[in-house]
Amino acid sequence: MNIEVIDTEIEHLKYLKNLCLEEVPEGATLDTIIYKKYLKMESVKNVAKRLNDEGYRIRSPATGEQIKYQSNDITARLKDKKADVRQDLKELVQKMFMKNKKQIRRLG
């Protein structure tokens, strides 16, 4: 590994750190909240639990009632190419999600 590669990796890690530390802006979209939580937790199950604990709800397509989030709901938002999220955050989180998904498949 040469110095340029190491420098590039260090810059990338600094960028990730800053993105993680960056606060969710006031009035952020639900997609932004979900993506930022996934960036920090790297678990759809934990993101769903945190959203539920914070009082967020999703409307049931079948009944129209407000119901708690499940991991499948978070997965759907993370896979959505049209999610209302900053492009750099979207690309990073979707890449992390796919990488984590592949690792889980290998273990299962």
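The values are calculated or read from the model by the stated rules, or taken from the named source; none is laboratory data. Worth saying up front: this structure is predicted, and the values here are computed from it rather than measured. Because the Cβ atoms are built from the backbone with ideal geometry, glycine has one as well, and the counts that use them run over all protein chains shown.
Restricting attention to the range 50-73 and to residues that are touching a strand residue (DSSP E or B) at 6+ places or on another chain (Cβ under 8 Å) and not in a loop (DSSP other than H, G, I, E, B), the residue that is nearest to Tyr38 (Cα to Cα) turns out to be Asp73. Residues of the range 44-75 that are exposed (fewer than 12 other Cβ atoms within 10 Å of the Cβ) and among the hydrophobic types (A, V, I, L, M, F, W, C): Ala62 alone.
Scanning the range 26-35 for residues that are assigned to a loop (DSSP other than H, G, I, E, B) and surrounded by 10 or more Cβ atoms within 10 Å (Cβ to Cβ) yields a count of 2. Only one entry of Val47, Val93, Val85 meets the criterion of being in contact with a Phe, Trp or Tyr (Cβ under 8 Å, 6 or more places away or on another chain), β-branched (Val, Ile, Thr) and not in a helix (DSSP H, G or I), and that entry is Val85.
Here Tyr15, Tyr38 are screened, and the one residue that is outside any loop (DSSP other than H, G, I, E, B) and in contact (Cβ under 8 Å) with a residue 40 or more places away in the chain is Tyr38. Taking the range 96-108 as the range and being part of a helix (DSSP H, G or I), farther than 19 Å from Leu13 by Cβ and modelled with pLDDT under 90 as the test, the residues that pass are Lys101, Lys102, Gln103, Ile104, Arg105, Arg106, Leu107.
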